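A short worksheet on the structure shown next.
The values are calculated or read from the model by the stated rules, or taken from the named source; none is laboratory data. Since the model is a prediction, treat every value here as computed from it, not as a measurement. Cβ: placed from backbone, ideal geometry, glycine included. Neighbour counts: every protein chain shown.
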């Protein structure tokens, strides 16, 4: 159901400030798209976990849909919600997702033990890259949840089927057609979930996709 209190939400989007949009696009390119020491799949999983912890259902749907577009199995995507109990994720994956969950919580739940555990599997540079993804997710989560960004129909259609089992609902991110985001990205190629370098590719998370 559309909340009539929200009106013309498209006028509150980052696109309204072109100079900021241009700068932010470069940050997204660097953190989420350019080759780094983390796979694109792991970065998207971290983004999704941070969005789960923050409660932004718009960003949850986009993070999960990005993984789907990469070719990640739907069961694995759903298991991010309960990763601690899952055998689908390696101990390195779980350490990264734990950092994302606890860093995105309010108040912050990260302790020194997180880094002791992460350093068993990751370099300090990889941890910095994880923190960059989590912090970028925080920008998206706070902006999109504050204005109740109207999610694009493609992400809604997939999430209502693919995330039904984990209790995902569109909630306040429903709106009028003229407010709705448009999905304009091409599908990326699958890049794998382990902590490693990827070949270049372009996931759906980003300003043009509207995460």
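Note on region 52-83: residues that are in contact (Cβ under 8 Å) with a residue 40 or more places away in the chain and not in a helix (DSSP H, G or I) total 4. Considered as a group, the residues in region 1-34 that are surrounded by 15 or more Cβ atoms within 10 Å (Cβ to Cβ) and part of a loop (DSSP other than H, G, I, E, B) include one that is modelled with the lowest pLDDT, and that residue is 6.
Does region 144-156 include one or more residues that are surrounded by fewer than 18 Cβ atoms within 10 Å (Cβ to Cβ), closer than 19 Å to residue 53 by Cα and either out of contact with any helix residue (DSSP H, G or I) (no Cβ under 8 Å at 6 or more places or on another chain) or free of Cβ contacts under 8 Å to residues at least 24 places away in the same chain (or both)? Within region 144-156 (the criterion being surrounded by fewer than 18 Cβ atoms within 10 Å (Cβ to Cβ), closer than 19 Å to residue 53 by Cα and either out of contact with any helix residue (DSSP H, G or I) (no Cβ under 8 Å at 6 or more places or on another chain) or free of Cβ contacts under 8 Å to residues at least 24 places away in the same chain (or both)), the answer is yes, since at least one residue qualifies. One residue stands out in region 122-133 among those that are farther than 11 Å from residue 38 by Cα and surrounded by fewer than 17 Cβ atoms within 10 Å (Cβ to Cβ): the one that is farthest from the chain's Cα centre (by Cα), namely 124.
Of the residues 49, 70, which is surrounded by 13 or more Cβ atoms within 10 Å (Cβ to Cβ), more than 12 Å from the chain's Cα centre (by Cα), closer than 24 Å to residue 154 by Cβ and modelled with pLDDT of 95 or more?
Numbers: 49 fails: more than 12 Å from the chain's Cα centre (by Cα).
Step by step, each of 49, 70 is checked, and only 70 is surrounded by 13 or more Cβ atoms within 10 Å (Cβ to Cβ), more than 12 Å from the chain's Cα centre (by Cα), closer than 24 Å to residue 154 by Cβ and modelled with pLDDT of 95 or more.
Cβ separations smaller than 7 Å between residues 6+ apart or across chains give the following pairs from region 8-33 residues that are without any contact (Cβ under 8 Å) to a residue 24 or more places away in the chain and on the phi < 0 side of the Ramachandran plot to residues that are outside any loop (DSSP other than H, G, I, E, B) and buried (at least 16 other Cβ atoms within 10 Å of the Cβ): 20/14.
The rows are residues; the columns are (1) over 24 Å from residue 25 (Cα atoms); (2) at pLDDT 95 or above; (3) outside any loop (DSSP other than H, G, I, E, B).
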| position | (1), (2), (3) |
| --- | --- |
| 127 | no, yes, yes |
| 139 | no, yes, yes |
| 144 | no, yes, yes |
| 158 | yes, yes, yes |
| 181 | no, no, no |
| 188 | no, no, no |
